[in-house]
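Some notes on the structure that comes next.
The values are calculated or read from the model by the stated rules, or taken from the named source; none is laboratory data. Keep in mind that what you see is a predicted model, and the values were worked out from it rather than measured. In this analysis, Cβ positions are derived from the backbone assuming ideal geometry, glycine residues included, and neighbour counts consider all displayed protein chains. Heads up: the accessible areas ignore ligands, DNA and RNA and are worked out on the full protein's heavy atoms, side chains in. Shrake-Rupley method; radii C 1.70, N 1.55, O 1.52, S 1.80 Å.
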Amino acid sequence: MCLIPFQCLRVRKELYLDNKFTTNDISSRVLLARYISAPIVLRYGFDGVKIHGAHGYLLDQFIKDHVNDRTDQYGGSLENRCKFALEVVKAVANEIGVDRVGIRLSPFATYLDSSDSNPTALGVYMAESLDKYGILYCHMVEPRMKLAKESFECAETLLPMRKAFKGAFTVTGGYEKEDGNKVIAENYVDLIAFGHLFLANPDLPKRFELDAPLTKHNRSTYCLSDPVVGYIDYPFLQYTV
């Protein structure tokens, strides 16, 4: 899958400024998502497109009421705030097929001040809406991962979203092999996504299979401009002691 982050889809130069999007700006983004998705799949051979609607990226800023202070059809009510994200999903799905589309959401996260007063209601509404489109999967971040570097104990759960979305429900957020297998066995999720573990262990499935030791990730190398350091310099199993 190819990830469309939506913070990087610049339509024109002036959108780098901190100006509020006009409805034309929003329409341009929807069209852009549609027209870049087909080449990604058809020309470059990706299996599909994953839309990034989490962690303070553009779509996340629209769906969260702490950030979205608009008074037009894209602000105010829950339905209005989610409209932009769902328009993008629909546009991409119409272009490449619903069976090639997934989305990542973090209703409970507070990255870049992007938070919501009722994250459970937000997550359920998005899950129900996405289920109507019939997209391949919905990838959500666990409530305990409100911030990038910390995990919090909380009573909130993704179970209501799991029940609302009938496609493949994928979850990420602080999982390791044992607890990942446990929640899959309990039918809490269909799939577990690993981020830090896979970055630091490019042969992670093999290590899980052998119960081999795992390499610790180095957060200080995240997002460096170096094409190697922090990206492809972690050792495979045969090179570890």
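Modelled label positions at PHE236 and GLU176, each set 7 Å beyond Cα in the direction of Cβ, lie 2.6 nm from each other. Projected onto their three principal axes, the Cα atoms of the range 97-144 cover extents of 33, 17, 16 Å, largest first. For the range 150-204, with all protein chains present and a 1.4 Å probe, just round the carbon and sulfur fraction of the accessible area to a whole percent. Within the range 150-204, the accessible surface is 57 percent carbon and sulfur. In the chain, excluding the sites themselves, the longest stretch lacking any of the GluC sites (Glu not before Pro) that are in a DSSP loop with at most 11 other Cβ atoms within 10 Å is 1-149. Taking Cα centre as origin and charging only the Cβ of basic (Lys, Arg, +1) and acidic (Asp, Glu, -1) residues, the dipole magnitude of the chain rounds to 540 debye.
Where a ≥ b ≥ c are the square roots of the eigenvalues of the C-alpha gyration tensor, would you call the chain rounded, which needs a/c under 1.5, or, failing that, prolate if a/b is larger than b/c, or oblate? Prolate, because a/c is 1.5 or more and a/b exceeds b/c.
Largest GNM mean-square fluctuation across VAL101, VAL228, VAL171, computed for the chain with C-alpha springs under 10 Å, falls on VAL228. Amide H contacts under 5 Å for ALA54: ASP60, restricted to partners 5 or more places along the chain or on a different chain, H placed in the peptide plane at 1.01 Å from N. Taking a sphere under 13 Å around the Cβ of PHE208 and counting the other residues whose Cβ falls inside, with K and R at +1 and D and E at -1, yields a net charge of -3. In the chain, helices alone account for a calculated mean residue ellipticity at 222 nm of -10000 deg cm²/dmol, with every DSSP H run of four or more residues adding -39,500 (n - 2.57). The long axis of helix 119-133 is offset from the longest Cα principal axis of the chain by roughly 80 degrees. Pick out which of ALA212, ALA164, ALA193 has the largest mean-square fluctuation in a Gaussian network model of the chain, springs linking Cα atoms closer than 10 Å. Between ALA212, ALA164, ALA193, it is ALA212 that shows the largest mean-square fluctuation. For the range 123-241, the Stokes-Einstein estimate of translational diffusion at 37 °C and a viscosity of 0.692 mPa s comes to 204 µm²/s, using the Kirkwood hydrodynamic radius over alpha-carbon pairs.
Against the longest principal axis of the chain, how steep is helix 78-96, in degrees 0 to 90 to the nearest 10, with axes from Cα atoms? The angle comes out near 70 degrees. For the range 170-227, the Kirkwood estimate of hydrodynamic radius, built from reciprocal distances between every pair of different alpha carbons, is 12.6 Å. Per-residue extension of 0.36 nm, minus the Cα-Cα distance of TYR35 and LEU78, leaves a gain of 12.7 nm for this segment.
Computed on the Cα trace of the range 69-136, the radius of gyration divided by the Kirkwood hydrodynamic radius gives Rg/Rh = 0.98. Heavy-atom accessible area, probed at 1.4 angstrom with all protein chains present, ranks MET140, MET145 as MET145, MET140, highest first.
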